[in-house]
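Each value in this text was obtained by applying a stated rule to the coordinates, not by laboratory testing. As the structure is a computational prediction, the values presented were derived from the model and not from experiment. Quick reminder, even Gly has a Cβ in these numbers, built from the backbone with ideal geometry, and neighbours come from all protein chains shown.
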């Protein structure tokens, strides 16, 4: 039996490709579906004959529960990445793009809750990276579960976010997370 396991290089390439695809999926293509599901409007989400939020008298609907739950995890990751980058500048070049991906997820979700840094973030670099990896995995699992209960229009966006979060775990492991 041939035991052919993927190399670290192959895993990193797959993770990078998944992250790039997820970030690309968080752009304008997802905006109309997310706007419809969250009750917001934008130029991309409205057709020429459709009144905009400014033309209607009713207040916008509150964000959907799934969007708030997904955004909470992403916001916490942005704050945690910022804390780890500040404490460990040696990994700034690797972590900055991952933090930027989470910021783009928040833009796509159109919900911006305040972020909380991971409780008890360790001072050692390897331990901090491990905690980030665990937080990424938890966020990925949470968002993947939300795909089952969210509107169909939002499932692709949430699936992309879950895939990006999962690929970040591989990146963090490659730079020293245990």
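Values for this structure:
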read-out: Label-point gap, in nm, between residue 96 and residue 138 - each point 7 angstrom along Cα→Cβ; value: 2.8 nm
read-out: Segment 80-172, relative contact order in percent, only Cα pairs under 8 angstrom and at least six apart counted; value: 26 percent
